[in-house]
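Notes follow the structure.
The values are calculated or read from the model by the stated rules, or taken from the named source; none is laboratory data. Source: prediction; values computed, not measured. Cβ coordinates were reconstructed from backbone atoms using ideal geometry, including for glycine residues, and neighbour counts include every protein chain displayed. To get the accessible areas, we keep the full protein, side chains included, count just its heavy atoms, and leave off ligands, DNA and RNA. Shrake-Rupley method; radii C 1.70, N 1.55, O 1.52, S 1.80 Å.
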Amino acid sequence: FLAMLSHELRTPLTPVVSFLDLLEAEPGKSEMVRTALAAIRRNIELEGRLIDDLLDLTRIAKGKLKLELKPIDAHEAILHAVDMCQAEAAEKRLRVELDLRAADSWVEADAAKFPQIIWNLLKNAIKFTPDAGEIRISSTNDEPAGLTIAIRDNGIGIEPEVIGRVFNPFEQAGQSSQQHQGVLGLGLAISKAIAIGHGCWTGVTWIRTS
């Protein structure tokens, strides 16, 4: 059902994106129109991400999440995720600091799914960090064969009794915050499933498999 629903939800987005491309290419737009078009594109991309999450959840539930492992640079994945979220962070005047001190940042991972973990965690940090707040992304080689990536923020935090549930599908730190943010609560669950698929789930740490 979720797979069929995801397909039906994606179909109407195709012509919307096509017309949006045409509108953005038109010269002589006012600043208000440019701002409105940018907001439309952000929301289309968000809708697409939610649909992708539903598809990923379907694959995970059926045990069909396929990963193609190859050497990738985790630092490049982090920088790409930060670049993708730059506009959203700027809109809230968030300061995103990078402390990528790991000397060895290469991991055996899926080139598409590994960055998705970073992207989901960063999106969560942006969502729940107040305006003009701070997000810090760091990397360290705490162990000879390990790479630890940490994303910290000064947002609302999570109650200790809830931490064990936030990585379950459709769960968030609290019902009120979930409704306020208007999200499905799938990002962390999918990130956990991807990490487990790599054999590297330890809660908050990515351990290199090679």
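Checked against the criterion of being modelled with pLDDT of 90 or more and in contact with a His (Cβ under 6 Å, 6 or more places away or on another chain), the range 98-106 contains one or more residues that satisfy it. Apart from one condition, R136 fits all of (1) more than 17 Å from L79 (Cα to Cα); (2) at pLDDT 80 or above; (3) touching a Lys or Arg at 6+ places or on another chain (Cβ under 7 Å); the exception is (1).
Out of the residues in the range 51-69 that are buried (at least 17 other Cβ atoms within 10 Å of the Cβ) and touching a residue at least 60 places away in the same chain (Cβ under 8 Å), state the one that is farthest from K123 (Cα to Cα). Among them, the one singled out is L69.
Would you point out the residue of the range 110-148, among those that are in a loop (DSSP other than H, G, I, E, B), open to solvent by 30 Å² or more (accessible area, probe 1.4 Å) and of a type outside the set (A, V, I, L, M, F, W, C), that is nearest to A87 (Cα to Cα)? Looking at residues that are in a loop (DSSP other than H, G, I, E, B), open to solvent by 30 Å² or more (accessible area, probe 1.4 Å) and of a type outside the set (A, V, I, L, M, F, W, C), I get D131. Being touching a residue at least 40 places away in the same chain (Cβ under 8 Å), in contact with a strand residue (DSSP E or B) (Cβ under 6 Å, 6 or more places away or on another chain) and either open to solvent by 60 Å² or more (accessible area, probe 1.4 Å) or part of a strand (DSSP E or B) (or both) holds for only one residue in D99, D104, and it is D99. Taking the residues in the range 149-167 that are assigned to a strand (DSSP E or B) and not acidic (D, E) as candidates, determine which candidate is nearest to A102 (Cα to Cα). If we take residues in the range 149-167 being assigned to a strand (DSSP E or B) and not acidic (D, E), then I149 is nearest to A102 (Cα to Cα).
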